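This report refers to the structure that appears directly beneath it.
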Amino acid sequence: MEITLNKNEMIGWLKKASAITILSISLAGSLAELRTNITSPIKMASALTQNVEFLGDGPYLIKYEPSSSDEEKELVYSTFAVAFTLQVKLASGSSSHGGYPQLIEALSGYEILSSITNQNGILTGNILILLPESPVELLELEKTLESASIFYAFPDGTGTLNEFNMKQGKGIYLRC
């Protein structure tokens, strides 16, 4: 099954949806490709409410199937971190630069929603990451984002990305 709605309609629908599993999500008419491994409608609604530019107004197409689980726990803004990454091939060489593949691989154990754009050989990634509840896993996530992203942010309660919660990572790898 599938449904197409604008962003606000989609968020409302997802919050009310029960007993479904999300199979995929796409943003119609966008150059960016959305990728996710979030299957819960409540978690997806929370991801779509994040105040980040790369999640446009829609329309969104969500493909889903009936599920036997019924999740009722509401998630708040502070459950997501955001990361930015890229990969580029320079005209003067055949090697790639940037931490995109390393970051995606390192985040394979986390639930994410990402917007990936590939234009003129420049791959950019904007990624929302569901924060783990364990303090040890949270520290591991911060180390991962520091080492493999270009910029990253953890929520600070303001609901925005700003100079106080945005940090520069080390995710630009230059291979000569």
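When Lys and Arg each count +1 and Asp and Glu each count -1, what net charge do the other residues less than 11 Å away from residue 23, Cβ to Cβ, add up to? Computed value for this residue: -1. Per-residue Karplus couplings for region 121-128, computed as 6.51 cos²θ - 1.76 cosθ + 1.60 with θ equal to phi - 60°, are listed in order as x, 10, 9, 10, x, 10, 10, 9 Hz, Gly and Pro entered as x.
Taking a point 7 Å from the Cα of residue 108 along the Cα-to-Cβ direction, the residues of region 26-45 with backbone N closer than 20 Å to it are 35-39. Between region 87-152 and region 1-70, how far is it from one alpha carbon centroid to the other, in angstrom? Answer, in whole Å: 21. Largest GNM mean-square fluctuation across 137, 146, 53, computed for the chain with C-alpha springs under 10 Å, falls on 53.
For the chain, averaging the sequence separation of C-alpha pairs within contact (under 8 Å, six or more residues apart) and dividing by the residue count gives a relative contact order of 24 percent.
Bear in mind these aren't lab numbers, they're just calculated from the coordinates by the rules spelled out. As the structure is a prediction and not an experimental result, all values here were calculated from the model. Note: ideal-geometry Cβ built from the backbone for every residue, glycine included; neighbour counts use all protein chains shown.
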